[in-house]
Amino acid sequence: MNLRSTGLEALARAAKVLRIGQQFVFVLGTMRSGSSLLTHFLLSSRDTNGWGEQNAVYKNELDLFKLIVRTGYRSRRRPARAKYYVDQINHNHFTPDPALFNSERLRTIVLVRSPQATISSIVNLSKQFYGGKWGPEAACEYYIKRLAFLKNHLADSNALCIQYEHLCEEPERELKRLEIYLDIKIPNYTSYPLQPFTGTRGDPGKKITQGQITAARSHQENQIPALILATAGQAYRDFLKA
């Protein structure tokens, strides 16, 4: 059955009526920032539901309720009641209207990672899975634009900001911050259960299938040109000052 044929918008409107107090969480990051890792920890809580990285466009509040419908469709289960429905979003065009973030239904977690590790990891991933589409220049341009978007969002919201390196080095501290922010309980601070979508929605690599948090790596294997690193580094420092 095709989701479009079921009347996605009609189902979303019905969900909006039936779930008056429903809330949502967006994990807003860059590619290779640990957004899939953090989403897995979020979905280990009994208070959350989701289906990894949906790659859906959210223009208005009704689109939030489409997340419930899509999750039920993709999981082949009736959408379960949950305090939060979760999606991870790593590209600006999926949230074209910043006014959506003013919705009282929506909480946001901003996740960032240092530029050398991020850009190097994007280039590695592209070589392995996407035919080398993302070279250092393209990865840097994406990284800078995404950080600018996230910086503006932080300035205009009460989002929770987490650095990937801190999550890897002190997971209990960072995940407890997350628990307080969302008023949920995460059952384990170092490991997480694999989901049916693990490795297919979000991070396609093997590391996410290990089910546990591991130390952040420096990613020295790719020689990123010094000018690119300098430009990305300045964007990262500007972001951290926000």
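The values are calculated or read from the model by the stated rules, or taken from the named source; none is laboratory data. As the structure is a prediction and not an experimental result, all values here were calculated from the model. Note that each Cβ is placed from the backbone with ideal geometry, even for glycine, and that neighbours are counted across all protein chains shown. The protein model used for the area step is the full one, side chains on, heavy atoms only, and it has no ligands, DNA or RNA in it. Shrake-Rupley method; radii C 1.70, N 1.55, O 1.52, S 1.80 Å.
In table form, for the structure just shown:
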| read-out | value |
| --- | --- |
| Cross-chain or 6+ apart pairs with Cβ under 7 Å, segment 87-98 first and more than 17 Å from ARG32 (Cα to Cα), then among the basic types (Lys, Arg) | PRO96/LYS59; ASP97/LYS59 |
| Search result, residues across segment 82-95 that are within 15 Å of ALA148 (Cβ to Cβ) and surrounded by fewer than 18 Cβ atoms within 10 Å (Cβ to Cβ) | HIS91, ASN92, HIS93 |
| Meets criteria (modelled with pLDDT under 95 and out of contact with any Phe, Trp or Tyr (no Cβ under 8 Å at 6 or more places or on another chain)) for ARG46 | no |
| For LEU37: the one exception among (1) in a helix (DSSP H, G or I); (2) open to solvent by 10 Å² or more (accessible area, probe 1.4 Å); (3) modelled with pLDDT of 95 or more; (4) more than 21 Å from LEU175 (Cβ to Cβ) | (4) |
| Single match in LYS241, LYS185, LYS206 (criterion: open to solvent by 90 Å² or more (accessible area, probe 1.4 Å), within 29 Å of LYS127 (Cβ to Cβ) and charged (D, E, K, R)) | LYS206 |
| Failed item, numbered, when ARG74 is tested on (1) crowded, with 21+ Cβ neighbours inside 10 Å; (2) not in a strand (DSSP E or B) | (1) |
| Residue under evaluation ARG173, criteria (1) at pLDDT 95 or above; (2) in a helix (DSSP H, G or I); (3) surrounded by 18 or more Cβ atoms within 10 Å (Cβ to Cβ), criterion not met | (3) |
| Residue list for segment 127-158, filter: open to solvent by less than 80 Å² (accessible area, probe 1.4 Å) and either touching a helix residue (DSSP H, G or I) at 6+ places or on another chain (Cβ under 6 Å) or among the basic types (Lys, Arg) (or both) | GLY132, TRP134, PRO136, ALA139, CYS140, TYR143, ILE144, ARG146, LEU147, PHE149, LYS151, SER157 |
| Residue within segment 103-121 that is open to solvent by 40 Å² or more (accessible area, probe 1.4 Å), free of Cβ contacts under 8 Å to residues at least 40 places away in the same chain and either of a type in the set (A, V, I, L, M, F, W, C) or not in a strand (DSSP E or B) (or both) present | yes |
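Listed here are the residues, each with its yes/no results for (1) within 25 Å of ILE186 (Cα to Cα); (2) among the β-branched types (Val, Ile, Thr).
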residue: ALA10; (1), (2): no, no
residue: ARG19; (1), (2): yes, no
residue: GLY29; (1), (2): yes, no
residue: LEU38; (1), (2): yes, no
residue: PHE65; (1), (2): yes, no
residue: ILE89; (1), (2): yes, yes
residue: ASP97; (1), (2): no, no
